[in-house]
Amino acid sequence: MSLIDLRSDTVTRPTAGMLQAMVRAETGDDVYGEDPTVAHLQARLAEELGFEAGLFVPSGTMSNLLGLMAHCERGDEYIVGQQAHTYKYEGGGAAVLGSIQPQPLENQADGSLDLAQVAAAIKPDDFHFARTRLLALENTMQGKVLSLDYLAQASAFCTDHNLGHHLDGARLFNAAVKLGVPAGAISRHFDSVSVCLSKGLGAPVGSVLCGGREFIARANRLRKMVGGGMRQAGLLAAAGLYALDHHVARLADDHAHAQRLAEGLVELGYTVEPVHTNMVYVDMGSRAALLRDAAAAQGVRLTASARLRLVTHLDVDASHIDKVIGVFATFAQQNPWESSN
Ligand SMILES: *Cc1c(COP(=O)(O)O)cnc(C)c1O
């Protein structure tokens, strides 16, 4: 029985073509700056996103941490969403390792931060306060795409208020494909961008932080400090380059699969949030663990969250979507809404 794993888009395995590219990669010691494949990946992504330089790192968490630390000194502050990965899901790294204070604000329903609320949260220049230095946004945010209009407003806002502007673009390419624009049309509104290669793009490991030359030089120093300097990392960078060549346009398939899955679940009577990219959120309430176990018995891996997130990716095809809808149909029959709530 082939397993269908909808827990995240991080679960993809390298394709045969990607493995070939990895095996053929030219390598060198990247801590000495001598790995040509890493250099190529960094330069390529930086250019595509409109930055002077890029830095290959093991994870999105490290990429965001280095970005925040390269923007902010000890005792500075960044403004961030309550639901943002950089605030909520990275072990408090900016505060723990960077001595950077987060100022979280509620995300709006569309995933954005209200700029009037951001303005109100900026601390006056007074020794009582941390120095507000940076606005950090996320796109896509729980699968939602921030509008280009909003990004332009946020960018102008940061210029007016003398704030840096960082994007956690773990799924930047999902946003770009959804909007039908080059990724650079999104990244140009930021001073720095972190992109994950190991989410929907399907690489096994790696993220790239992009920004100005001096910014990336600071990040490079920090990367060594936190143990992120890798040696013959070209093996991994080759997977990232392959993903950029072969796995960007096809993100549209993941979005179509998510849409189809959502429609199927709505027809069955489930409550489903509107789908923007590759994530479907279903309200499972107290039945989530029951569903997880029932699905596992049929080869479908889910989490047991009440607000259940289903993520489509490279290893999920249209027939899998039909099968998953079938699993939810059986579950609805065997666990009628009335008796279980
Ligand atoms: C996954 C993710 C990250 C972190 O990436 P890791 O490689 O898992 O550390 C950062 N931001 C967002 C929005 C993510 O989804």
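The values are calculated or read from the model by the stated rules, or taken from the named source; none is laboratory data. None of the values given here were measured: they were computed from a predicted structure. Reconstructed Cβ throughout: ideal geometry from the backbone, glycine too, with neighbour counts over all protein chains shown. With ligands, DNA and RNA removed, areas are computed over all heavy atoms of the protein, side chains included. Shrake-Rupley method; radii C 1.70, N 1.55, O 1.52, S 1.80 Å.
The table for this structure:
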| quantity | calculated |
| --- | --- |
| Semi-axis lengths, Å, segment 73-114, gyration tensor of Cα atoms, sqrt of 5 times eigenvalues | 20, 11, 5 |
| Qualifying trypsin sites (Lys or Arg not before Pro) in segment 53-137, DSSP loop, other Cβ atoms within 10 Å at most 12 | Arg74 |
| Angle in degrees between helix 36-49 and the longest Cα principal axis of the chain, rounded to the nearest 10 | 80 |
| Estimated FRET transfer efficiency (Glu73, Ala249; beta-carbon r; R0 51 Å; 0.05) | 0.80 |
| Too-long pairs where the Cα-Cα distance tops 29 Å, listed order kept, from Lys88/Lys323; Lys88/Lys224; Lys144/Lys224 | Lys88/Lys323; Lys144/Lys224 |
| Heavy-atom accessible surface of the chain: percent carbon and sulfur, 1.4 Å | 51 |
| Within the chain, percent of DSSP bridges classed antiparallel, to nearest 5 | 45 |
| Between segment 121-164 and segment 224-262, the Cα center-to-center distance that results, in Å | 27 |
| Charge dipole magnitude, Cβ of K and R +1, D and E -1 - segment 30-138, Cα centre, debye nearest 20 | 300 |
| Other-chain or far-sequence residues with amide H under 5 Å of Gln103's (modelled H) | Tyr78, Ile79, Val80 |
| Net dipole in debye of segment 180-297 [+1 Lys, Arg Cβ; -1 Asp, Glu Cβ; about Cα centre; nearest 20] | 800 |
| Segment 277-328, Cα convex hull volume normalised per residue, Å³ | 71 |
| Shape of segment 182-341, Cα gyration tensor, a/c cut at 1.5 | prolate |
| Largest-first principal axis extents, alpha carbons of the chain, Å | 60, 52, 34 |
| Sorted peptide list for 78-86, 174-182, 151-159, 117-125, criterion being average Cβ within 10 angstrom, highest first | 78-86, 174-182, 151-159, 117-125 |
| Positive-pole candidate from His40, Ala16, Gly28, dipole of segment 3-47, charges at beta carbon | Ala16 |
| Within a Gaussian network of the chain (alpha carbon springs, distance under 10 Å), most fluctuating of Thr277, Thr140, Thr15 | Thr15 |
| Peptides 193-204, 227-238 ordered by average Cβ neighbours within 10 Å, highest first | 193-204, 227-238 |
| Per residue, in Å², the accessible surface of the chain once ligands and nucleic acids are set aside, probe 1.4 Å | 43 |
| Structure-based [θ]222 nm, the chain - -39500 (n - 2.57) summed over DSSP H runs of at least 4, per residue, nearest 500 | -13000 deg cm²/dmol |
| Positive dipole terminus of the chain, leading residue within Phe51, Leu179, Ala288 (C-beta point charges) | Ala288 |
| Taking the C-alpha atoms of segment 105-204, convex hull volume expressed per residue in Å³ | 108 |
| Distribution of pairwise C-alpha distances over segment 24-136, 5 Å bins, in % | 2, 11, 17, 18, 16, 14, 10, 6, 4, 2, 0, 0 |
